[in-house]
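Written below as structure tokens is the structure these notes are about.
The values are calculated or read from the model by the stated rules, or taken from the named source; none is laboratory data. Everything quoted here is computed from the prediction, not taken from an experiment. Cβ placement follows ideal geometry from the backbone for every residue including glycine, while neighbour counts extend to all protein chains displayed. These area figures cover heavy atoms from the full protein model, side chains too; ligands, DNA and RNA do not enter into them. Shrake-Rupley method; radii C 1.70, N 1.55, O 1.52, S 1.80 Å.
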Amino acid sequence: MKQFITFIRKEFYHVFRDQKTLLLLFGLPIAQIVLFGFALSNEIKNANLVVCDYARDDASQCIIQKLSVNQNMQIEKVLLSHTQIEAAFKTGKVKIAIVFPAGFNASLQHFHTATLQVIADASDPNTATTLTNYISNIVKEYQQEITRLTPMPLQVTTQVRMLYNPELKGATNFVPGVMALVLLLVCVLMTSASIVREKEKGTMELLLVSPFNPFLVIVSKAVPYFALSLVNLTVILLLSVFLLDMPFHGSLLLFYAESSLFIITALSLGLLISNSTSSLQSAMLISLMGMLVPAMLFTGFMFPIENMPMPLQWISQLIPSKWYYTIAKAIMIKGLGIAAIWKETLVLLGMTTGLLLVSLKKFNIRLQ
Amino acid sequence: MRTIQFLLAKEFRQIFRNRALLPVIFVVPVIQLLIMPLAANYEVKNINLSVVDHDHSSYSRQLIASITASGYFRLAGYNNGFTASLQEVETDKADIILEIPAGFEKNLVRENKQSLFIAINAINGTKAGLGGNYLGAIISNFNNSIRLHWQAPARWQPAPVIELRSSNWFNTYLYYPFFMVPGILVVLVTMVCTYMCSLNIVKEKEIGTIEQINVTPIKKYHFILGKLIPFWVIGMFIFTAGLLLVGRLVYGIVPVGSLLLLYAFLSLYLIALLGLGLLISTYADSQQQAMSVAFFFIMIFLLMSGLFTPIESMPGWARTIAACNPVTYFIDVMRMVVLKGSSFTDIRVHFLVIAGFALLFNSWAVLNYKKTS
Amino acid sequence: MKEVVINTNRLTKKFGSFTAVSNISFDVYAGEIFGFLGANGAGKTTAMRMLCGLSIPSSGTASVAGFDVYKETEKIKRNIGYMSQKFSLYEDLTVLENIRFFAGIYGLRNTAIKQKTDQLVQQLGMQKELNTLVGALPPGWKQKLAFSVAILHDPKIVFLDEPTGGVDPVTRRQFWDLIYAASAASITIFVTTHYMDEAEYCDRISMMVDGEVKALDSPSQLKKQYKAASMDDVFFELARGAKRSAD
């Protein structure tokens with residue numbers, strides 16, 4: 001046992017002496033939280049709107065007025081010509097255009113109907129759809145205003161309640177995701193790099209010759225990262241709760257227990273990668289290139305997994321961070337207990353066991 | 001000049017002999033380009049709806065039918081009590097609950113007014129907002145169809161209807177990959193070139209061959225060119241394979257604008273990125289350090305480039321960061337030239353900025369790299 | 001009067017408050033085999049790196065092949081060869097590719113490259129290994145190859161930093177044969193080593209202890225001076241008071 005502690009202490013020295021790596025370990029999660037919390041959002045703001053008003057009557061002026069006070073859009077130009085719209089789109093400065101045909105108001109008054117054209121730069125489909133929706137809502141608002149005079153029969157109204165996140169804060173969605181992502185990537189990267197580096201330098205053989213179970217030697221490499229990850233997790237949690245007003249309704253104990261499980265899963269994955277490559281360069285490149293973007297995509301906090309084609313949904317089942325993301329959301333935001341997440345917990349347990357078994361087998365083969 | 005030839009021959013030999021590295025450079029980006037655009041999709045569909053029906057009337061049936069017919073919603077649960085539906089939301093089987101009160105149909109006709117109750121899982125605020133809007137729109141349409149059914153239009157003054165005709169230019173069917181593929185390609189090229197270039201040089205530092213080079217009369221700029229050129233070529237290659245092969249064959253993306261313009265920008269961009277890799281390698285003593293620093297920057301670049309979320313929506317300070325990010329400019333150029341056919345005049349500022357980055361990173365790196373310490 | 005190819009005068013290198021090399025002064029003459037000895041941590045590698053133009057001295061003067069170590073490092077590099085302690089050829093390139101690469105870097109024309117390659121291969125007996133990756137060669141062969149590559153461009157001086165580390169006695173002997181051949185071709189050899197029997201092969205030896213040159217003479221003279229039977233004893237005499245023990 002004492003020897004195990006000695007190994008662990010050595011590993012801690014390695015980690016703390018490398019400042020640039022510490023930058024990654026702690027700096028990245030903090031940077032991500034700040035960015036996601038304050039900078040990244042799917043809402044569309046400050047979008048430039050171009051207006052082509054051929055009507056120049058009360059109705060068009062009224063709608064234009066509404067558009068100009070809307071927070072999400074800014075009226076860039078009040079152009080006259082249709083053909084100038086394409087040029088404006090090409091400069092990338094304008095995202096959407098609205099065209100009022102001549103006689104707009106007159107048509108509304110006499111025929112009770114009129115058409116408006118909305119032209120969107122759909123190179124970004126998301127912005128196009130969202131902006132079109134904003135405009136459509138504003139137009140509906142105007143429509144309702146001019147019909148307020150006549151009461152509508154058979155009115156079906158809706159009462160909407162937002163569960164878990166009434167203020168529609170973005171933090172509730174991505175903070176668990178950032179936790180999952182950061183823990184996964186950092187643990188896998190660091191563990192595999194640490195082990196492969198010793199292999200390359202040759203000091204691994206020294207360790208293996210010691211009268212200590214070689215597999216435990218390897219495990220001792222993972223321990224500092226386990227501790228560091230818990231610290232990281234705590235920092236992220238504190239930042240999100242106090243800086244971003246993220247709610248935390250569930251049991252702290254359960255949260256840390258599940259997080260520890262997930263960290264072990266990530267470390268096991270790192271172990272497996274390190275057992276499969278002998279060159280530090282390839283270990284790192286595989287972890288970096290092979291895992292970064294898939295982890296971001298398939299954890300489920302950036303894009304909804306349900307929308308992906310089926311094969312991709314199956315792939316996402318294999319990514320440990322996806323399961324942890326569900327668990328974290330359930331505990332932190334929904335305030336649920338183990339009863340709700342036993343299935344996901346089992347999956348993580350299974351993954352960890354599987355990864356460790358394969359690593360052990362590969363490791364023993366190599367020793368032979 | 002001859003020296004560079006020798007350097008290049010050595011570099012290419014080493015790169016292609018590295019069995020472990022080749023798949024990472026060539027295969028992994030292609031696979032990611034095939035998978036990622038399909039996954040990166042903000043469309044909201046297949047929302048799971050759980051209905052609590054206290055009424056069991058023809059109206060409730062019609063309403064549910066029109067909801068599921070819209071294509072946006074899936075009926076995930078049909079219960080008699082709210083608790084059952086709530087549990088479905090708790091276990092993520094359902095996203096939205098629609099509660100139809102008892103006597104809905106009867107009371108609507110008698111009292112002219114009824115309320116439906118909706119509860120939405122709002123952990124993902126955007127999804128909740130959109131889902132709520134869709135459901136609201138469907139209910140509103142349902143409302144209108146009931147009205148028409150019950151009363152002839154002449155009995156009430158028809159409300160003025162403003163019809164919105166929307167056209168989508170450059171991407172008529174709102175095909176999401178058109179938007180994501182160019183951006184993802186940029187990210188992949190960036191990752192490969194920056195990581196590989198910085199790791200490559202640091203590796204030489206670690207094993208000691210760099211000392212052997214430093215003791216020869218090789219000029220500094222020869223050595224640096226010898227390191228940059230191979231990865232520049234590789235970057236060009238990956239980009240071409242990604243855009244013209246995968247992009248065209250798998251996604252049907254045909255660049256609208258000038259390919260020449262695109263490649264001119266790409267060349268400059270690669271020089272800037274490789275300069276960054278070089279710069280990182282002059283500060284790192286070990287491969288792990290180089291990797292950590294490179295990873296940190298790439299992550300920040302990724303998030304702040306407008307790839308996943310629009311830059312215009314960011315607060316002022318974040319937009320400044322995005323403006324200092326070379327990736328932002330290339331993604332912008334890609335989307336503008338490939339999808340809209342923008343011309344040089346439209347992107348001349350981008351060119352200027354990237355040239356600035358290329359100059360900055362490379363000069364800094366060259367100044368830093370000392371053959372004699 | 002023999003030509004001086006290396007001249008140092010109170011050459012010093014400090015790293016912060018630590019003085020690695022302190023006021024060393026010595027000359028090396030053309031064509032001689034000069035042994036640069038010392039315990040671990042004595043400052044040998046640091047001194048050598050200054051002479052190779054890899055490190056700028058803190059104070060003192062030195063010139064190598066007639067060029068100043070402060071201002072003319074690039075000119076020095078054109079006239080010297082170097083074999084580092086950490087084996088510095090490319091393990092993932094073949095023997096032939098390594099030779100061609102370094103020959104080209106030193107500016108040899110294609111015909112000269114071909115000629116030199118044949119000569120080298122002949123001398124080392126590596127005809128069958130031309131297309132073998134250097135990483136696959138046994139260690140002794142790697143050192144011999146590295147040495148030959150270091151003198152490909154006919155430099156005036158070649159610096160060897162512990163060239164025979166970890167090599168069996170037969171290969172060491174063969175290595176020194178190569179050194180003699182080079183010396184006969186008027187290349188000055190500046191070699192550091194731990195092996196005291198190799199010290200006997202040198203024309204003159206200097207001994208560094210704790211950053212200073214403590215002795216400088218031919219092996220026979222030194223043995224007389226310290227009343228020692230072998231260079232081992234001379235070394236022991238000089239180095240046992242050393243305070244530093246690691247480079």
(request) Pick out the one residue from C:I76, C:I56, C:I24 that is of a type in the set (V, I, T) and assigned to a loop (DSSP other than H, G, I, E, B). (result) C:I56
(message) Quick check on my filter: what residues within the stretch A:328-337 are away from chain B (no Cβ under 11 Å) and open to solvent by 30 Å² or more (accessible area, probe 1.4 Å)?
(response) none
(message) Just to be sure before I move on: is C:T111 out of contact with any strand residue (DSSP E or B) (no Cβ under 8 Å at 6 or more places or on another chain), assigned to a helix (DSSP H, G or I), more than 9 Å from chain B (Cβ to nearest Cβ) and open to solvent by 10 Å² or more (accessible area, probe 1.4 Å) in the structure I sent?
(response) yes
(message) I'm trying to understand the selection: among the residues of the stretch C:70-105, which are crowded, with 20+ Cβ neighbours inside 10 Å, without any contact (Cβ under 8 Å) to a residue 40 or more places away in the chain and in contact with a strand residue (DSSP E or B) (Cβ under 7 Å, 6 or more places away or on another chain)?
(response) C:I76
(message) Given the criterion at pLDDT below 85, surrounded by 15 or more Cβ atoms within 10 Å (Cβ to Cβ) and in contact with a Pro (Cβ under 7 Å, 6 or more places away or on another chain), identify the matching residue among A:I195, A:I146.
(response) A:I146
(message) Just the residues that are open to solvent by less than 20 Å² (accessible area, probe 1.4 Å) and not hydrophobic (A, V, I, L, M, F, W, C), please, taken from the stretch C:148-167.
(response) C:S148, C:P155, C:D161, C:P163, C:T164
(message) As an exercise: evaluate B:I139 against (1) within 30 Å of A:N307 (Cβ to Cβ); (2) assigned to a helix (DSSP H, G or I); (3) more than 7 Å from every other protein chain (Cβ to nearest Cβ) and give the number of the one condition it does not meet.
(response) (3)
(request) Working only within the stretch C:6-20, note down all residues that are at pLDDT 90 or above and open to solvent by less than 30 Å² (accessible area, probe 1.4 Å). (result) C:I6, C:T8, C:L11, C:T12, C:K13
(message) If I go through the stretch B:33-56 residue by residue, how many of them are facing another protein chain (nearest Cβ under 7 Å), under 11 Å from B:V181 (Cβ atoms) and assigned to a helix (DSSP H, G or I)?
(response) 2
(request) Give me a count of the residues in the stretch C:208-237 that are more than 21 Å from C:Y29 (Cβ to Cβ), of a type in the set (S, T, Y) and loosely packed, with under 14 Cβ neighbours inside 10 Å. (result) 0
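How about the stretch B:266-293: which of its residues are of a type in the set (G, A, S), within 8 Å of chain A (Cβ to nearest Cβ) and either open to solvent by 10 Å² or more (accessible area, probe 1.4 Å) or part of a helix (DSSP H, G or I) (or both)? Explain how you work it out, then say what you get.
Our first condition is that a residue be of a type in the set (G, A, S); within the stretch B:266-293, this holds for B:267, B:272, B:275, B:277, B:281, B:284, B:286, B:290, B:292.
Imposing the further condition that a residue be within 8 Å of chain A (Cβ to nearest Cβ) reduces the set to B:284, B:286, B:292.
B:S286, B:S292 - these are the residues of the stretch B:266-293 that are of a type in the set (G, A, S), within 8 Å of chain A (Cβ to nearest Cβ) and either open to solvent by 10 Å² or more (accessible area, probe 1.4 Å) or part of a helix (DSSP H, G or I) (or both).
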(request) Looking only at the stretch C:192-207, decide whether some residue is farther than 19 Å from C:G38 by Cα, surrounded by fewer than 16 Cβ atoms within 10 Å (Cβ to Cβ) and in contact (Cβ under 8 Å) with a residue 24 or more places away in the chain. (result) no
(request) Restrict the check to the stretch C:135-147 and report whether at least one residue is open to solvent by less than 60 Å² (accessible area, probe 1.4 Å), farther than 26 Å from C:A112 by Cα, modelled with pLDDT under 85 and not in a loop (DSSP other than H, G, I, E, B). (result) yes
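Would you mind listing the strands (runs of 3 or more DSSP E) fully within the stretch B:71-121 where at least 2 residues are within 11 Å of chain A (Cβ to nearest Cβ) and buried (at least 22 other Cβ atoms within 10 Å of the Cβ)? Break it down stepwise before answering.
Details: elements: B:73-79, B:96-100, B:113-121.
Output list reads B:96-100, B:113-121.
Can we say B:G208 is in contact with a Phe, Trp or Tyr (Cβ under 8 Å, 6 or more places away or on another chain) and surrounded by fewer than 16 Cβ atoms within 10 Å (Cβ to Cβ)? Break it down into steps so the answer makes sense when it comes.
On the way: in contact with a Phe, Trp or Tyr (Cβ under 8 Å, 6 or more places away or on another chain): yes; surrounded by fewer than 16 Cβ atoms within 10 Å (Cβ to Cβ): yes.
Yes, satisfied.
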(message) Of everything in the stretch B:122-133, what is of a type outside the set (K, R) and at the interface with chain A (Cβ under 10 Å from one of its Cβ atoms)? Give them in sequence order.
(response) B:A122, B:I123, B:N124, B:G125, B:T126, B:A128, B:G129, B:L130, B:G132, B:N133
(message) All but one of (1) away from chain C (no Cβ under 11 Å); (2) open to solvent by 50 Å² or more (accessible area, probe 1.4 Å) hold for B:R13; state the number of the condition that does not hold.
(response) (1)
(request) Could you look through the stretch B:310-342, keep only residues that are open to solvent by less than 10 Å² (accessible area, probe 1.4 Å) and β-branched (V, I, T), and pick out the one that is farthest from the other protein chains (Cβ to nearest Cβ)? (result) B:V327
(request) Please enumerate the residues belonging to the stretch B:223-236 that are surrounded by fewer than 18 Cβ atoms within 10 Å (Cβ to Cβ) and touching a residue at least 24 places away in the same chain (Cβ under 8 Å). (result) B:L225, B:I229, B:M236
(message) So B:S66 ticks every box in (1) more than 22 Å from the chain's Cα centre (by Cα); (2) open to solvent by 30 Å² or more (accessible area, probe 1.4 Å); (3) at pLDDT below 85; (4) not basic (K, R) but one. Which box is left unticked?
(response) (3)
(request) Have a look at A:S192, A:S107 and point out the one that is free of Cβ contacts under 8 Å to residues at least 12 places away in the same chain and more than 9 Å from chain B (Cβ to nearest Cβ). (result) A:S107
